[in-house]
Amino acid sequence: MTRVKFLGTAGARYVMATQLRSSAGAYIEIKGKKIILDPGPGTLVRMAKSRPRINPSSVDAIILSHIHLDHTGDANAVLDAMTEGAKKRRGFLFAPSQCVKGRDKVVLDYLLSSVNTLILEPESSYSIGGVELETSLAHDHGVETYGIKFSLENGKLCFMVDTKFSPQVLSSYKDCRYIVMNVVLKECRDYVKHLCLEDVKTTAEKIKPERIIITHFGMGMLRAKPWELAEKLSRETEVNIRAASDGMQLNLD
Ligand SMILES: [Zn+2]
């Protein structure tokens with residue numbers, strides 16, 4: 001069974017700061033493996049409050065797509081809980097080098113030594129005890145950023161995280177059956193390195209995936225009611241497009 005639970009759906013700084021939507025990450029379960037993608041602020045709390053509760057010490061892997069605070073704010077808290085205060089060496093951490101080395105690193109040393117850390121690189125393959133995943137090409141987001149593509153039995157489940165859209169980015173997701181897109185912007189802005197609503201339409205038309213789920217909303221998206229925008233795009237493109245909400249669970253087989 002594969003399921004995705006959106007612990008949070010906040011995208012832009014203001015939405016995170018006010019917690020109009022939670023900035024917790026996504027909980028993904030594939031073949032019994034438990035994965036947290038992009039644990040932003042509030043992830044540990046949302047895991048504890050989730051029904052059924054998500055026990056951090058049962059999490060197998062944490063994936064950071066990039067260093068930004070809304071994707072990593074709770075990384076140390078979740079890693080500490082997962083390794084029982086670094087007393088137990090267990091689990092995997094996948095992250096771009098920038099997250100774990102150098103001036104901007106976001107993971108504390110005592111935790112890095114208690115988890116198997118794998119450095120994400122562009123278009124590379126990894127495994128979490130039989131669950132295969134690969135990275136997209138490097139996104140255009142100002143910092144080292146990769147989308148994540150999980151191999152399921154019936155196709156690929158892909159997370160097109162923060163990026164400026166381009167034909168190159170799009171083609172990196174052409175083999176995806178399900179695509180989760182971080183749609184911060186309603187109106188596209190050339191100088192902002194984030195996806196906008198028009199990029200969802202382009203993705204639906206060019207790739208024709210079975211399903212697109214939009215999440216990671218900024219204020220403009222929230223004001224315009226993302227569930228209505230998704231419904232309209234579904235009608236226009238004839239692709240099943242849905243807006244995530246906090247706590248929403250997706251069962252994929
Ligand atoms: Zn970002």
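The values are calculated or read from the model by the stated rules, or taken from the named source; none is laboratory data. From a predicted model like this one, the values you see are computed outputs, not experimental measurements. No Cβ is skipped: glycine too gets one built from the backbone with ideal geometry, and neighbour counts run over all protein chains shown. Accessible surface areas use protein heavy atoms only, side chains included; no ligands, DNA or RNA. Shrake-Rupley method; radii C 1.70, N 1.55, O 1.52, S 1.80 Å.
Note down all Cβ pairs under 7 Å where the first residue falls in the stretch 182-199 and is under 15 Å from His139 (Cβ atoms), the second is within 12 Å of the ligand (Cβ to nearest atom) and among the polar types (S, T, N, Q), and they're at least six residues apart or on different chains.
From the stretch 182-199, the pairs are Lys193/Thr163; Leu195/Thr163; Leu195/Asn182.
Would you be able to tell me the number of residues in the stretch 150-181 that are without any contact (Cβ under 8 Å) to a residue 40 or more places away in the chain and of a type in the set (Phe, Trp, Tyr)?
Number of matching residues: 2.
Go through (1) within 16 Å of the ligand (Cβ to nearest atom); (2) farther than 18 Å from Ile213 by Cβ; (3) touching a residue at least 60 places away in the same chain (Cβ under 8 Å) and name the single condition Gly142 misses.
Unmet for Gly142, out of (1) within 16 Å of the ligand (Cβ to nearest atom); (2) farther than 18 Å from Ile213 by Cβ; (3) touching a residue at least 60 places away in the same chain (Cβ under 8 Å): (3).
Tell me which of these Lys232 doesn't satisfy, since it passes every other one: (1) farther than 21 Å from Ile67 by Cβ; (2) within 16 Å of the ligand (Cβ to nearest atom).
Only one criterion in (1) farther than 21 Å from Ile67 by Cβ; (2) within 16 Å of the ligand (Cβ to nearest atom) is unmet by Lys232, namely (2).
Under 6 Å between Cβ atoms, which residue pairs at least 6 apart in sequence (or on different chains) link something in the stretch 105-125 that is of a type in the set (D, E, K, R) with a partner that is open to solvent by 30 Å² or more (accessible area, probe 1.4 Å)?
Glu123/Leu137
If I ask for residues that are loosely packed, with under 15 Cβ neighbours inside 10 Å and not in a loop (DSSP other than H, G, I, E, B), which ones from the stretch 1-12 would you list?
Kept after step one, since they are loosely packed, with under 15 Cβ neighbours inside 10 Å, are these residues of the stretch 1-12: 1, 3.
Hit for the stretch 1-12 is Arg3, nothing else.
Which pairs do you get when a residue that is free of Cβ contacts under 8 Å to residues at least 60 places away in the same chain, found in the stretch 226-253, comes within reach of a residue that is acidic (Asp, Glu) and in a loop (DSSP other than H, G, I, E, B), reach meaning Cβ atoms under 7 angstrom, with the pair 6+ apart or on two chains?
Partner pairs satisfying both residue conditions: Asn240/Glu210.
Filter the stretch 161-180 for residues that are in a loop (DSSP other than H, G, I, E, B) and under 17 Å from the mean Cα position of the chain (by Cα); which is surrounded by the fewest Cβ atoms within 10 Å (Cβ to Cβ)?
Applying the first criterion (in a loop (DSSP other than H, G, I, E, B)) to the stretch 161-180 yields 161-163, 165-166, 172-177.
Among the residues that remain, those that are also under 17 Å from the mean Cα position of the chain (by Cα) are: 161-163, 165, 172-173, 176-177.
Values: Val161: 25, Asp162: 24, Thr163: 26, Phe165: 21, Ser172: 24, Tyr173: 21, Cys176: 24, Arg177: 15.
For the stretch 161-180, the residue satisfying everything is Arg177.
Name the residue that is farthest from Ile128 (Cα to Cα), counting only residues in the stretch 75-104 that are within 16 Å of the ligand (Cβ to nearest atom) and crowded, with 16+ Cβ neighbours inside 10 Å.
Once the filter is applied, the top-ranked residue is Gln98.
What's the number of the condition Thr72 fails, among (1) free of Cβ contacts under 8 Å to residues at least 60 places away in the same chain; (2) open to solvent by 30 Å² or more (accessible area, probe 1.4 Å); (3) within 13 Å of the ligand (Cβ to nearest atom)?
The number of the failed condition is (2).
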